[in-house]
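**Student:** Pasting a structure below so you can have a look.
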Amino acid sequence: MRYRQLDRIIELVPGERILATRQLREDEDYLRDHFPLFPVMPGVMMLESLFQASCWLIRSTEDFSNSILVLQEARNVKFADFMEPGHVLTVTAEFVKTDGDIVTIKASGTRGDTVAVSGRLLIKKSSMADRDPKLGSLDEFMRDSMRQEMAKLLTH
C-alpha cells in the first residue's frame, strides 16, 4: 500500500469495530504544498485514513475473502478540525450493515477529544476472479499481501 494512512491498529473486533492511529509527521511530502505557512493534513487524506481502517475491519471480519475493496460512496462527511504535524489522528470505524456486496461503515477521526472528520462509508467488495476466473491466483497474492500488511499494523 503506497499511501498507508495508518500507523497502528490499537483494537480490532471483527464484525464490530476497529481503532487505529495515524501520527502526522513533519516530513510528509504533501505538507510542503498544503499549506507552506500552515501545514495541515488534507481532508482527502483524513478520509483515506477512515477508508483504510474500514477496509481492515472488513478484511478481518471476512477472513480476507474479497481481494478488492473500493470506496463506493462517502456520505455526510464532515471536517471539523485541522491535523497539524505532531498530532495523532485516532480513527474508529464501526459496522452498520452489509447489503450484498456493499458494506456500510460509520467512521470518525479524532484529535484528542475533538472530532476532526466523520462520515458514513459505503464500500464495495469484489475480487479479480469475479471479473475473470483465470485471475483467481492474483486474488490469493493480493490476500496474502494484505495479511502481511495487517500483521505490521498490529505489531507496531
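Since every read-out is calculated from the coordinates, none of them should be taken as a lab result. Remember, predicted model here, so these are calculated numbers, not experimental data. Please note: Cβ atoms are built from the backbone with ideal geometry, for glycine as well, and neighbour counts cover all protein chains shown.
**Student:** Of the residues PRO42, PRO133, which single one is over 23 Å from ILE10 (Cα atoms), in contact with a His (Cβ under 9 Å, 6 or more places away or on another chain) and not β-branched (Val, Ile, Thr)?
**Tutor:** The conditions single out PRO42.
**Student:** Identify, please: which residue in the range 113-135 is among the basic types (Lys, Arg) and out of contact with any Lys or Arg (no Cβ under 7 Å at 6 or more places or on another chain) and is, among those, surrounded by the most Cβ atoms within 10 Å (Cβ to Cβ)?
**Tutor:** Top of the filtered list is LYS125.
**Student:** Here's something else I'd like to know. Checking SER118 against (1) in a helix (DSSP H, G or I); (2) closer than 30 Å to VAL88 by Cβ; (3) touching a residue at least 24 places away in the same chain (Cβ under 8 Å), which single condition isn't satisfied?
**Tutor:** (1)
**Student:** Same structure again: In the range 49-105, which residue that is of a type in the set (Asp, Glu) and part of a loop (DSSP other than H, G, I, E, B) is nearest to ARG4 (Cα to Cα)?
**Tutor:** GLU84
**Student:** Please indicate, with yes or no, whether at least one residue in the range 70-85 is loosely packed, with under 15 Cβ neighbours inside 10 Å, more than 14 Å from VAL115 (Cα to Cα), in contact with a Ser or Thr (Cβ under 9 Å, 6 or more places away or on another chain) and hydrophobic (A, V, I, L, M, F, W, C).
**Tutor:** Yes: one or more hits.
**Student:** Look through the range 4-48, keep the residues that are part of a helix (DSSP H, G or I) and free of Cβ contacts under 8 Å to residues at least 24 places away in the same chain, and return whichever of them is surrounded by the most Cβ atoms within 10 Å (Cβ to Cβ). First the steps, then the outcome.
**Tutor:** Step one: filter the range 4-48 for residues part of a helix (DSSP H, G or I), giving 29-32, 43-48.
Next, from what is left, pick out any that are free of Cβ contacts under 8 Å to residues at least 24 places away in the same chain: 29-30, 32, 44.
Details: ASP29: 7, TYR30: 12, ARG32: 10, VAL44: 9.
Filtering the range 4-48 for residues that are part of a helix (DSSP H, G or I) and free of Cβ contacts under 8 Å to residues at least 24 places away in the same chain, the one surrounded by the most Cβ atoms within 10 Å (Cβ to Cβ) comes out as TYR30.
**Student:** So SER54 fits all but one of (1) more than 20 Å from ASP130 (Cα to Cα); (2) in contact with a helix residue (DSSP H, G or I) (Cβ under 9 Å, 6 or more places away or on another chain); (3) of a type outside the set (Lys, Arg); (4) crowded, with 20+ Cβ neighbours inside 10 Å; what number is the exception?
**Tutor:** Going through (1) more than 20 Å from ASP130 (Cα to Cα); (2) in contact with a helix residue (DSSP H, G or I) (Cβ under 9 Å, 6 or more places away or on another chain); (3) of a type outside the set (Lys, Arg); (4) crowded, with 20+ Cβ neighbours inside 10 Å one by one, SER54 breaks only (2).
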